[in-house]
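The values are calculated or read from the model by the stated rules, or taken from the named source; none is laboratory data. Predicted, not measured: the structure shown is a model, and the values here were computed from it. Here the Cβ positions follow ideal geometry from the backbone for every residue, glycine too, while neighbour counts run over all protein chains shown. Quick note on the areas: whole protein, heavy atoms, side chains included, nothing else; ligands and nucleic acids left out. Shrake-Rupley method; radii C 1.70, N 1.55, O 1.52, S 1.80 Å.
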Amino acid sequence: MSTTNTEPSSWRAAACTVTPVPSVHRLLTPAEDVARGFQGSPKRLPPKYFYDDHGSRLFDRICDTPEYYPMRTEARLLAESARAVMASVQPDCILEMGSGTSRKTEHLLQAAEQANAQPVYWPFDVCDSIMTSAAERLCGRFPWLTIHALVGDYGAGLDHLPRPPGRCLYLFLGGSLGNFEPEESARVLSEIASHMGPDDRLLLGVDRVKDRSVLEAAYDDAAGVTAAFNRNVLNVLNHEVDADFEPEAFAHEAFFNEAQSRIEMHLVSRRDQRVQVGALERVYDFPEGERLHTEISRKFTPASIADELARAGLVMDEHYQPEDGAFSLVLAAPQQ
Ligand code: SAH
Ligand code: AVI
């Protein structure tokens, strides 16, 4: 994660550059995020704190657990639809929000290659190290590829996000939109829509409501990778705000909140404990059973997807989904 450091990474490759994207709104510092988030009940944290280098690698391992169906379902949808998407949009560039390892993006780049097209790739992520290794892998697989990696926080305004030349395919995959509360997701999606030109398109991946047991298993895999991912946020806080959390003193909890149509992840204090936050010169009590709410992951229906798009000024061009409706991949256009 590079929320405080806006210096470009030292890494460079011939066809790749890394550029920081300045925030439009002043970003809260990690200490301010903690002070604000720990005021409420339950205590909360913005989800971007999951994604230091280790957290990003844990997320990648989550994607390979048998329980985490979103990755493989969306990957299959992309593999099946990539040629049609690339043929219909014919993008000069691909701009991806929260690109992470860019694993699924390879389907689109492969479809471009097969059509003798060479779109420029603009990944945008808060974690520069994961983009760096993704870019190295992509440059190896697609020697023609030019990459302009953008490091920043897509939740902090997109006015300073470069506008790549030509027709652009925006990607927002993995169900990441669901990690925002409804007001925030409406704002982020509207900002993406405002950034788009009339011929640009957005390919949006969103997870769907389904059986509780399937949802809950996906966020509590048997191998404990998601639990490690959840607890890792405490290591990030130890580093970022000079705290002394003991991650193992917190239990991982994930459940489907049906009323709000979302998975909630929490860390539950296993015993009465007191945590020092050096950067705030404060101590926080975590009595046994107290929760730290670390993430929401909203699950959508076709109707709530249409609603989300409409609120952002987007219209659906295509909807790719498996027969069981486990996941949606939507190609959307700005309303003319
Ligand atoms: N899109 C990929 C990765 C999803 S994981 C996929 O579908 O597999 C979420 C990604 O979003 C991570 O790489 C994380 O670093 C990034 N991310 C999370 N919050 C972000 C923010 N506020 N701004 C930019 N990137 C963010
Ligand atoms: C990145 N995001 C869409 C993931 C999700 O499913 O909400 C993050 C995640 N959290 C736990 N497992 C995966």
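Observations on the model:
- The magnitude of the dipole of the chain, with charges of +1 and -1 set on the Cβ of Lys/Arg and Asp/Glu and taken from the Cα centre, is near 460 debye.
- With all protein chains in place and a 1.4 Å probe, the accessible surface of the chain carries 48 percent carbon and sulfur.
- Cα gyration tensor category, rounded, prolate or oblate, for the stretch 84-143 with a/c compared to 1.5: prolate
- Each other residue within a Cβ distance under 10 Å of residue 175 adds +1 if Lys or Arg and -1 if Asp or Glu, for a net charge of +1.
- Contact order normalised by residue count of the chain, Cα under 8 Å, 6+ apart, percent: 21 percent
- Part-to-part distance (alpha-carbon centres) for the stretch 27-43 and the stretch 134-190, which is given in Å: 26 Å
- Residues whose amide H falls under 5 Å from that of residue 38, counting only those 5 or more places apart or on a different chain, are 44, with hydrogens built in the peptide plane.
- Note on the stretch 285-318 and the stretch 207-283: Cα centroid distance 17 Å, given to the nearest whole angstrom.
- For the chain, the direction-averaged projected area of the alpha-carbon convex hull comes to 16.2 nm².
- Relative to the globular-protein estimate of 2.2 N^0.38 Å, the Cα radius of gyration of the stretch 102-239 stands at 1.20.
- Calculated [222 nm] ellipticity per residue, helices only, for the chain: -10500 deg cm²/dmol; basis is -39500 (n - 2.57) per DSSP H run with n ≥ 4, divided by all residues, nearest 500.
- Whole-number accessible area per residue in Å² for the chain, which is evaluated in the context of all protein chains at 1.4 Å: 42 Å²
- The residues packed around residue 103, meaning those with a beta-carbon under 15 Å from its beta-carbon, carry a net charge of 0 if Lys and Arg are +1 and Asp and Glu are -1.
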